[in-house]
Amino acid sequence: MIQTIDYAAIAPALILAVTAAAVLLLDAFLPAPTPGRETRLSGRTLLGLVTLAGVLAALAAVAAQALTGGVRRTFCVPPGLASGEPPCSYVVDSFALVLAGLVLAAAVVVVLLSMGELADGRIPAGEWYFLTLCTLVGAVALPAARDLVMLVVALELVSLPVFALTALKRYDGRSSEAAVKLFLVSVVSTAVMLFGVSLLYGLTGTVYLDRLAIPADAPPVATVGVVLVLAGFAFKVAAVPFHAWAGDVYQGAPIPVAALLSVISKAVGFAGLILLLALALSEQAHVWAPWWPRSPPSP
């Protein structure tokens with residue numbers, strides 16, 4: 001059976017991906033910068049303006065989706081293969097639109113900061129804007145993700161380009177140290193989270209969040225899976241005790257990358273946590289919310 005795709009639902013992420021490809025092509029075919037020539041400045045400025053235009057176009061697509069109203073679903077299981085309402089991997093609702101709007105509004109500021117950061121020519125502009133746009137694709141897609149696979153893929157698409165962005169300030173010891181620390185800790189946290197995801201899938205037999213119902217009396221391995229998955233997201237939002245990386249990375253990263261980490265990465269991490277806790281792990285509140293209110297003991 002052929003699966004249909006609602007391109008209007010994925011329009012913001014698609015616009016950002018096309019813009020990233022355009023930036024890569026422009027960077028490949030622009031003339032090599034010559035010291036003291038105007039073309040050096042105009043090339044970097046052109047790439048920045050193309051990136052800014054792509055972000056604004058994606059923001060306009062989000063605004064159009066919000067004005068249209070309703071809920072858009074795509075990447076759904078074909079009706080003949082699912083019982084009841086087919087589950088979908090990508091759902092654009094009010095929650096996804098609010099988070100996507102926040103991410104893209106912050107991205108406009110990040111791109112404007114980047115144009116100032118790249119003015120001296122020490123950082124390659126093409127790679128910088130391409131990696132930034134890749135991060136934004138994942139950041140826009142994650143709030144709309146409704147299965148564990150898309151959730152993890154979008155989260156890693158946000159995280160992986162940030163390592164390179166942090167290290168693009170070459171010949172700077174602090175940036176290199178920050179990139180290595182961020183890479184090592186993030187890889188470990190991702191491995192831990194994927195182990196937890198595999199446990200949850202093994203228990204339930206599904207990856208869709210709205211069908212990932214784990215009862216309160218589930219075996220102890222369910223608790224292990226929940227804790228491991230939440231630990232991976234806790235790293236992304238720099239929650240205690242997974243916050244040790246934040247200080248060194250913020251100090252060594254370029255200012256636009258620090259802004260991206262402090263706003264976009266945190267918003268995406270909290271979006272993933274909200275989706276997991278509200279849709280998939282609400283029955284496991286006794287694990288992830290030890291302060292969950294309990295009924296008072298009977299007299």
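The values are calculated or read from the model by the stated rules, or taken from the named source; none is laboratory data. All values reported here derive from a predicted model rather than from experimental measurement. Cβ: placed from backbone, ideal geometry, glycine included. Neighbour counts: every protein chain shown. Please note that ligands, DNA and RNA were not included when accessible areas were found on the heavy atoms of the full protein model with its side chains. Shrake-Rupley method; radii C 1.70, N 1.55, O 1.52, S 1.80 Å.
Summary of values
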{"item": "Yes/no for L59 being touching a helix residue (DSSP H, G or I) at 6+ places or on another chain (Cβ under 7 Å) and modelled with pLDDT of 95 or more", "result": "yes"}
{"item": "Positions within the stretch 138-150 being more than 15 Å from A267 (Cβ to Cβ) and assigned to a helix (DSSP H, G or I), in sequence order", "result": "L148, V149, M150"}
{"item": "Single unsatisfied condition, T204 versus (1) surrounded by fewer than 19 Cβ atoms within 10 Å (Cβ to Cβ); (2) modelled with pLDDT of 85 or more", "result": "(2)"}
{"item": "Unique match (being within 17 Å of the chain's Cα centre (by Cα), crowded, with 20+ Cβ neighbours inside 10 Å and in a helix (DSSP H, G or I)) among F233, F183", "result": "F233"}
{"item": "Qualifying residues in the stretch 73-107 (those that are in a helix (DSSP H, G or I), open to solvent by 30 Å² or more (accessible area, probe 1.4 Å) and not polar (S, T, N, Q)) - the one nearest to A271 (Cα to Cα)", "result": "F95"}
{"item": "Selected residue (criterion: modelled with the highest pLDDT) from residues of the stretch 115-163 that are open to solvent by 40 Å² or more (accessible area, probe 1.4 Å) and either hydrophobic (A, V, I, L, M, F, W, C) or at positive phi (or both)", "result": "F130"}
{"item": "Number of the condition not met by G121 [criteria: (1) assigned to a helix (DSSP H, G or I); (2) touching a residue at least 24 places away in the same chain (Cβ under 8 Å); (3) not basic (K, R)]", "result": "(1)"}
{"item": "Scan of the stretch 85-125 for residues that are over 19 Å from T4 (Cβ atoms) and either more than 21 Å from the chain's Cα centre (by Cα) or of a type in the set (F, W, Y) (or both), ordered by number", "result": "F95, M115, G116, E117, L118, A119, D120, G121, R122, I123, P124, A125"}
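Let's see how each residue does on (1) in contact with a strand residue (DSSP E or B) (Cβ under 6 Å, 6 or more places away or on another chain); (2) over 9 Å from G196 (Cα atoms); (3) touching a residue at least 12 places away in the same chain (Cβ under 8 Å):
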position	(1), (2), (3)
D210	no, yes, yes
D217	no, yes, no
V224	no, no, yes
V237	no, yes, yes
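Conditions (1) open to solvent by 10 Å² or more (accessible area, probe 1.4 Å); (2) without any contact (Cβ under 8 Å) to a residue 40 or more places away in the chain, marked per residue:
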residue	(1), (2)
S189	yes, no
V197	yes, no
L200	no, no
P220	yes, yes
V229	no, no
P256	no, no
L276	no, no
